[in-house]
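Take a look at the structure below.
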Amino acid sequence: MSCGFCLMIETERGFCMITTKLCEALGIDYPIFQGGMAWIADASLAAAVSNAGGLGIIAAMNADANWLREEIRKARELTKKAFGVNVMLMSPFADEVAEVVVEENVPIVVTGAGNPGKYMKKWIEAGIKVIPVVPSTAMAKLVERSGAFAVIAEGGESGGHIGELTTMTLVPQVCDAVKIPVLAAGGIADGRGIAAAFMLGACGVQCGTRFLVAKECTVHQNYKNKILKAKDIDTISTGRRLGHPIRCLKNQFSREFLRQEYNPEMTDEELERMGSGALRKAAKEGDEKNGSFMAGQCAAMIHQEQTAKEMIEEMFQEAEQILNQASSFCR
Ligand code: TUI
């Protein structure tokens, strides 16, 4: 079942260009969000994605209100287009960044890693379109009732904090559960993934790992190189014992973390301490041994650094081609 938000229109250039009602509602040309990757998605990346016609997103992550305010202002210098902010709800700064998005008139807020309930009223009253990441139909229905504009159904193929279900199973179930637009995330890095997401009923996608190697992404070069070198089985999920599983690339840090998770002598507090700061070490210092290189299972499908514009145009051209030929499967 489709959510009814997907359209294919004929353009002046004679070929089909994918557009959806999501594009119209958010003022974007392509129905693609850039994932709000903690310690990675800053003004430079968000502005590049928005300038390319997608929706760029600044990650409020574990940084405080002042950092976020500066990034929002930097992004406004770099683009006249709309961009969003991702509020990571487990962040100790969530309350203060929730205020900043209102004060700075951010039009779109994506939330992750929890239930955004306590902020919904304030954000909606301020005219913000709230788009939570959801790992289940229950959370999708809950946020729809609280006034969410859309949801992002994120499968466990994603990098970073993940839910239980896969994109293939979660997206159609969320599409059936809610009436608001559904975006698909998790494992999408090319036009095939975008086409598949539409077939599952989504009217947009969110991609993180692919944009991590964008030329405008300021993450440490070692991080980009690890994504470019990754093979299909190079990610693992750790942290299940702590209630927040994280998908990242295999390295000394993640293998040791996984070992310690099964060590009964290790307390949860010690384990939390072991993980804290590891993403920053990867993203900012490129520390290949001690960093947590969060990445999705699609890392192995990513072969080159490109500008955000090149990525988006390539992905949507591929998706259009596939969708145009799709009827040939039914003969
Ligand atoms: O949030 C993400 N991905 C992230 S956040 C992050 S930073 C971090 N650092 C250390 C520990 C934890 C996180 C790295 N990657 N993606 C969105 C996402 N949200 N995935 C899953 C969820 C989610 C999970 C549970 C959303 C709601 C939810 O609700 C549970 C509940 O009942 O509150």
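Okay, here's what the table says:
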item: For C203, net neighbour charge (Lys/Arg +1, Asp/Glu -1) across residues whose Cβ lies under 11 Å away; result: 0
item: Modelled FRET efficiency - R0 35 Å, R259 with R192, Cβ distances, 0.05 increments; result: 0.50
item: Lys/Arg +1, Asp/Glu -1 at C-beta; the chain dipole; positive extreme among M61, A126, P172; result: P172
item: Of K215/K250; K74/K289; K118/K224; K74/K224; K74/K309, pairs whose Cα-Cα distance is over 29 Å; result: K74/K289; K118/K224
item: Check: region 253-331 dipole with +1 on Lys, Arg Cβ and -1 on Asp, Glu Cβ, in debye; result: 140 debye
item: Probe 1.4 Å, protein heavy atoms only - accessible area per residue of the chain in square angstrom; result: 45 Å²
item: Fraction of accessible area attributable to carbon and sulfur, region 150-246 (%, probe 1.4 Å); result: 56 percent
item: Area accessible to solvent at S276, 1.4 Å probe radius, in Å²; result: 80 Å²
item: Pairwise centroid distance, computed over Cα atoms, of region 162-198 with region 36-112, Å; result: 23 Å
item: M17/T267 FRET efficiency (R0 41 Å; Cβ-Cβ; nearest 0.05); result: 0.15
item: Estimated distance in nm for a label pair at H244 and E318, the labels positioned 7 Å out from Cα along Cα-to-Cβ; result: 3.1 nm
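The values are calculated or read from the model by the stated rules, or taken from the named source; none is laboratory data. Since the structure is predicted, the reported quantities are computational estimates derived from the model, not experimental observations. Note that each Cβ is placed from the backbone with ideal geometry, even for glycine, and that neighbours are counted across all protein chains shown. Heavy atoms of the whole protein, side chains included, go into the accessibility calculation; ligands, DNA and RNA do not. Shrake-Rupley method; radii C 1.70, N 1.55, O 1.52, S 1.80 Å.
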